[in-house]
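A quick write-up on the structure given underneath.
The values are calculated or read from the model by the stated rules, or taken from the named source; none is laboratory data. Owing to the predicted nature of the structure, the values given are computational and were not obtained by experimental measurement. Glycine gets a Cβ as well: all are built from the backbone with ideal geometry, and neighbour counts include every protein chain shown. Keep in mind that these areas ignore ligands, DNA and RNA; they rest on the heavy atoms of the full protein, side chains included. Shrake-Rupley method; radii C 1.70, N 1.55, O 1.52, S 1.80 Å.
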Amino acid sequence: MKMIWKLIKLHKILFMAAFLFTFLSVISNLCWNKFLAQLLDSVENTALSFLENEMGILFAIGIFIVFIHVICEYLSLYLSSYTCEIFAHEMRMGYAGYYLQSDIQTLSKLNVGEAQSAMQNELKDISDYLSENLFPLVKQLGTFAVTVIFLLCLNFKLAMLSVLPVIPLIYYCSFSSKIIKDYTQQCKNSRKKINGMADMILELFPIIQIYGAYELIKGAMKENLSEWGNSNIKKERISARLMSLSGVLSFIPLLLLLGFGGYMVISGNISMGIFYIFINLSGNISGFLQNMPGIYAAFRRFSASVDRLEGKICINTQFI
């Protein structure tokens with residue numbers, strides 16, 4: 001992952017700006033939930049005549065928070081997309097630059113099939129991950145961490161009731177992500193065989209034509225395609241089962257929260273506003289856990305692709 005750190009250092013101002021507005025977007029969302037909770041408590045505990053006099057101020061505060069959140073969300077999406085596209089462009093150009101700067105001896109030993117496979121698999125996976133998952137993953141991790149801290153500050157007992165069931169879910173997600181990673185690697189190996197055979201057909205086509213080896217090549221290609229198809233079907237089936245079970249288990253904290261939180265509201269230990277915050281923000285925890293196996297597997301796949309191309313991408317570091 002040294003290559004990613006080089007890209008971050010090379011574009012550190014842009015990366016930090018995207019990270020800052022992503023963090024501010026998370027904070028503004030928490031402020032909005034806190035405002036709604038206070039508004040709910042005011043409606044529950046304040047006289048109607050006093051509430052009517054304060055409605056203008058409350059409305060202005062709400063509009064201001066929404067305005068700040070919209071600006072932060074827009075800048076977060078724009079800067080993160082722009083940053084990730086620059087990172088992907090630098091890596092694509094760095095991969096091409098590696099071969100342009102190589103000498104004749106290195107190029108003569110080049111395996112065209114492996115280079116083609118790297119462009120179709122590893123480099124494409126890296127570009128797709130940077131464009132679609134890098135900052136959303138940062139945002140999900142930040143939202144999860146900030147939400148847990150925020151709930152602990154509001155009510156420690158209720159927060160612990162929401163967080164403690166997460167521990168066995170994390171172990172399950174770690175176990176399931178390893179299984180998904182193994183099946184994903186099998187799919188990539190099958191795809192590499194297909195790419196290698198396609199390259200061999202192109203290189204040896206005159207020989208195949210002379211000796212009439214069409215049926216032999218056709219049978220081998222069908223076998224590789226069948227292996228690749230079966231690997232993908234098996235991977236998707238296992239992933240669907242693991243993700244479905246993860247989704248069911250992730251709702252356990254919400255069910256516990258509804259039971260014990262509702263009892264605390266009835267007994268007067270917490271206000272309706274605080275209970276609303278816990279119910280509304282519990283999705284930040286359960287949603288992250290529900291997607292954790294896929295998130296972790298995607299990151300491991302991205303990390304493996306980066307490591308395989310680490311020595312074949314030349315990043316211009318003169319401005320670092």
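Once the range 1-38 is narrowed to residues that are of a type in the set (Gly, Ala, Ser) and touching a His at 6+ places or on another chain (Cβ under 8 Å), the residue that is farthest from residue 130 (Cα to Cα) is 28. Mind listing whichever residues of the range 224-263 are open to solvent by less than 30 Å² (accessible area, probe 1.4 Å), in a helix (DSSP H, G or I) and either under 21 Å from residue 298 (Cα atoms) or at pLDDT 80 or above (or both)? Answer for the range 224-263, where residues must be open to solvent by less than 30 Å² (accessible area, probe 1.4 Å), in a helix (DSSP H, G or I) and either under 21 Å from residue 298 (Cα atoms) or at pLDDT 80 or above (or both): 229, 231, 239, 242, 246, 247, 257, 261, 262.
Pairs linking a residue in the range 82-94 that is over 18 Å from residue 310 (Cβ atoms) and open to solvent by 10 Å² or more (accessible area, probe 1.4 Å) to a residue that is assigned to a helix (DSSP H, G or I) and at pLDDT 85 or above, with Cβ atoms under 8 Å and 6 or more positions apart or on different chains, are 82/14; 82/18; 86/14.
Residue pairs whose Cβ atoms lie under 8 Å apart, separated by 6 or more positions or on different chains, with the first residue in the range 121-145 and within 12 Å of residue 299 (Cα to Cα) and the second at pLDDT 80 or above and not in a helix (DSSP H, G or I), do not occur. Which residues, taken from the range 32-60, are polar (S, T, N, Q), open to solvent by 50 Å² or more (accessible area, probe 1.4 Å), within 24 Å of residue 270 (Cα to Cα) and at pLDDT below 80? Selection gives 45 alone. Within the range 164-223, if we keep just the residues that are at pLDDT 70 or above and not in a helix (DSSP H, G or I), the residue that is surrounded by the fewest Cβ atoms within 10 Å (Cβ to Cβ) turns out to be 164. Only a single item in (1) more than 24 Å from residue 168 (Cα to Cα); (2) open to solvent by 60 Å² or more (accessible area, probe 1.4 Å); (3) not β-branched (Val, Ile, Thr) is not met by residue 271, and it is number (2). When you go through (1) at pLDDT 80 or above; (2) more than 30 Å from residue 251 (Cβ to Cβ); (3) among the β-branched types (Val, Ile, Thr) one by one for residue 112, which number turns out not to apply? Residue 112 satisfies every listed condition except (1). Given the structure, is residue 153 assigned to a helix (DSSP H, G or I) and modelled with pLDDT of 80 or more? The answer is yes for residue 153. Scanning for something more than 25 Å from residue 25 (Cβ to Cβ) and exposed (fewer than 15 other Cβ atoms within 10 Å of the Cβ), does the range 293-307 turn up at least one residue? So far as the range 293-307 goes, yes, one or more of its residues are more than 25 Å from residue 25 (Cβ to Cβ) and exposed (fewer than 15 other Cβ atoms within 10 Å of the Cβ). Contact annotation: residue pairs with Cβ atoms under 7 Å, 6 or more positions apart or on different chains, pairing a residue in the range 271-282 that is touching a residue at least 40 places away in the same chain (Cβ under 8 Å) and closer than 13 Å to residue 32 by Cα with a partner that is of a type in the set (Val, Ile, Thr) and buried (at least 18 other Cβ atoms within 10 Å of the Cβ), are 281/147. Take the range 127-162 and flag every residue that is open to solvent by 40 Å² or more (accessible area, probe 1.4 Å) and β-branched (Val, Ile, Thr). Within the range 127-162, 138, 149 meet the criteria.
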